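The values are calculated or read from the model by the stated rules, or taken from the named source; none is laboratory data. What you are looking at is a predicted structure, and each value in this text was computed from that prediction instead of being measured. FYI the Cβ positions are ideal-geometry reconstructions off the backbone, even for glycines, and counts take in every protein chain you see. For accessibility, only protein heavy atoms count, side chains too; no ligands or nucleic acids. Shrake-Rupley method; radii C 1.70, N 1.55, O 1.52, S 1.80 Å.
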Amino acid sequence: MRSLLEVADIFRTAGPAYRDTHAGHLSYIQLKVMTAIENCRTAALGGHVEACEDCGHWRIAYNSCGNRHCPKCQGAAARTWLAERKADLLPVGYFHVVFTLPVEIADIAFQNKAVVYDLLFRTASETMLTIAADPQHLGARIGITAVLHTWGSAMTHHPHVHMIVPGGGIALDGTRWISSRPAFLLPVRVLGALFRRLFLTRLTQLHRTGKLAFFGSMAGLADKRAFLRHLAPVRKKRWVVYAKPPFSGPEAVLAYLSRYTHRVAISNRRLVAFDRQEVTFRYKDYRRAGDERQSIMTISADEFIRRFLLHVLPRGFHRIRHYGLLASSSRKTSLARARELLDVVPPAPDEGVPDRPIDLRPLCPCCGGRMIIIEVFERWRQPRPPPFPALPTREVAP
């Protein structure tokens, strides 16, 4: 069901004032995201008029912006992505593993998004692959699908990587499939310790080579000694790595992935109210348990937009990545070998392809007939409604 209140409504109402107030402090990409969300599915992007072949019912369909930060445009993208990934699933249990950065590192990441987010991906995946390949643990080469999220439920900055990992892998000599224990993949404490060591070592190297920038209250971290003092407390902390038990089957994996791969900072269905000054939305307070975890928050429209824009990714940054058996360079070969070792019949090349082309035309909401496009209109142009047929007269009883 379509939400009555949308992020786009907030941006259209409060966006112009926000741009004026923060002129010079917004990046080109953030401004582009704001404009895309405001114009999505409006006459600004053009569209078409479609009518039913049977009953003549017609409606206007405006074009989508397609921006990856737009809450309305991610559904179709997620369905397309999941359809492509379905052929990669293996008949084994799948685990969900999460690598999270401490708040001290998250502050550095915010001012160095491309560099530190990329380091988070590389270090987390190397940690998983290294510990999995260790004969004392699994002794196998595993596959990983990793998705970056940069937000907490209240839209605060909270960078972490979600990983979906098959419960096992191919032995290092390639001769057999090694399955993990039913409810255990790898020890999280060992993962956390290696993740911390690798990440801090490489972050220090980035600082030494001048690849980190610091601004505002963090400008002092450009000094080597100040930077090392900032990192000293997190060297002693336990870095959190979270692992969930395996899913019930491939279908559950796909359903779970669909909630993570193309998610944005907040969905329209979490919005509760907007009075042109303040925004009220639902969020999860993880400090509470049970029913009390579901909470309501009200913040100013200006703060809502600020929090949303915190999570705009650098241009060209890939937030979904694959490693190990699922790395794009060797995915087909690795999956074929895995299915061979698991004695699983590979999917047929033409499986699921119908003999006749699928009719993709939408159904008429009135009679169930097929809707056809009768007019296409360009950007910023309103369509011309089709001529209405004469309505049948009806006698009214005296």
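For the chain, the solvent-accessible area with a 1.4 angstrom probe is 56 square angstrom per residue. Estimated at 0.36 nm per residue, the fully extended path between W81 and C366 surpasses their Cα-Cα distance by 99.5 nm. Among the chymotrypsin sites (Phe, Trp or Tyr not before Pro) within region 180-224, those in coil by DSSP and having at most 13 neighbouring Cβ atoms inside 10 Å are F215.
Rounded to the nearest 10 degrees, what's the angle between the helix 113-133 long axis and the longest principal axis of the chain, both from Cα atoms, 0 to 90? Roughly 60 degrees between the two axes. 3J(HN,Hα) along region 62-71: 8, 6, 8, 7, x, 6, 6, 9, 7, x Hz, from the Karplus curve 6.51 cos²θ - 1.76 cosθ + 1.60 with θ = phi - 60°, whole Hz, x for Gly and Pro. For the residue pairs K86/K244; K211/K244; K113/K284; K244/K332, the alpha carbons lie more than 29 Å apart in K211/K244. Measuring only protein heavy atoms, the 1.4 Å probe finds L310 accessible over about 20 Å².
Residues whose amide H comes within less than 5 Å of that of E278, counting only those at least five positions distant or on another chain, are A301 (H built at 1.01 Å from N in the peptide plane).
Take the Cα of E303, go 7 Å toward its beta carbon, and the backbone nitrogen atoms of region 136-155 under 13 Å from that spot belong to 154-155.
Taking the accessible area of the chain, probe 1.4 Å, and keeping the other protein chains in place, the carbon and sulfur fraction comes to 54%.
Entry note, region 1-142: relative contact order of 12 percent, from Cα contacts under 8 Å with a spacing of 6+ residues. If the segment from S217 to C55 were pulled out straight at 0.36 nm per residue, it would be longer than the present Cα-Cα gap by 51.9 nm.
Using only Cα atoms and rounding to the nearest 10 degrees, what angle (0 to 90) does helix 331-342 make with the longest principal axis of the chain? Here the helix axis deviates by roughly 70 degrees.
Treat every Asp and Glu Cβ in the chain as -1 and every Lys and Arg Cβ as +1, leave all other atoms uncharged, and give the resulting dipole magnitude about the Cα centre to the nearest 20 debye.
In debye, rounded to 20, the chain gives about 1560.
If R0 is 25 Å, the Cβ-Cβ spacing of D118 and K237 corresponds to a FRET efficiency of close to 0.65.
A78 sits among other residues whose Cβ lies under 10 Å from its own Cβ, and their net charge, with Lys and Arg +1 and Asp and Glu -1, is +3. Here region 97-188 is assigned +1 on the Cβ of each Lys and Arg and -1 on the Cβ of each Asp and Glu. Its dipole about the Cα centre then comes out at about 260 debye.
GNM remark for the chain: springs join alpha carbons under 10 Å apart, and the peak mean-square fluctuation among M34, M128, M218 falls on M218. Could you tell me which residue out of G143, G210, G316 lies farthest along the dipole of the chain toward its positive end? Charges go on the beta carbon: Lys and Arg +1, Asp and Glu -1, centred on the Cα centre. About the Cα centre, the residue reaching furthest to the positive side is G210. Where the centre of each part is set by its Cα atoms, how far does region 1-61 sit from region 101-136, in angstrom? Centre-to-centre (Cα) distance: 35 Å. Of C52, C65, C367, the residue with the largest accessible area leads and the full order is C367, C65, C52 (1.4 Å probe).
The charge dipole of region 1-126, taken about its Cα centre with unit charges on the Cβ of Lys, Arg, Asp and Glu (plus for the first two, minus for the last two), comes to roughly 100 debye. Net length available on complete extension from V272 to R229 is 11.2 nm, with 0.36 nm assigned per residue and the Cα-Cα distance removed. Based on C-alpha pairs under 8 angstrom that are at least 6 apart in sequence, region 156-306 has a relative contact order of 13 percent. With contacts taken as Cα pairs under 8 Å and at least 6 residues apart, the chain reaches a relative contact order of 26 percent. Shape summary of the chain, radius of gyration then Dmax from alpha carbon positions: 25.4, 94 Å. Taking Cα atoms only, the orientation of helix 188-208 departs from the longest principal axis of the chain by about 90 degrees.
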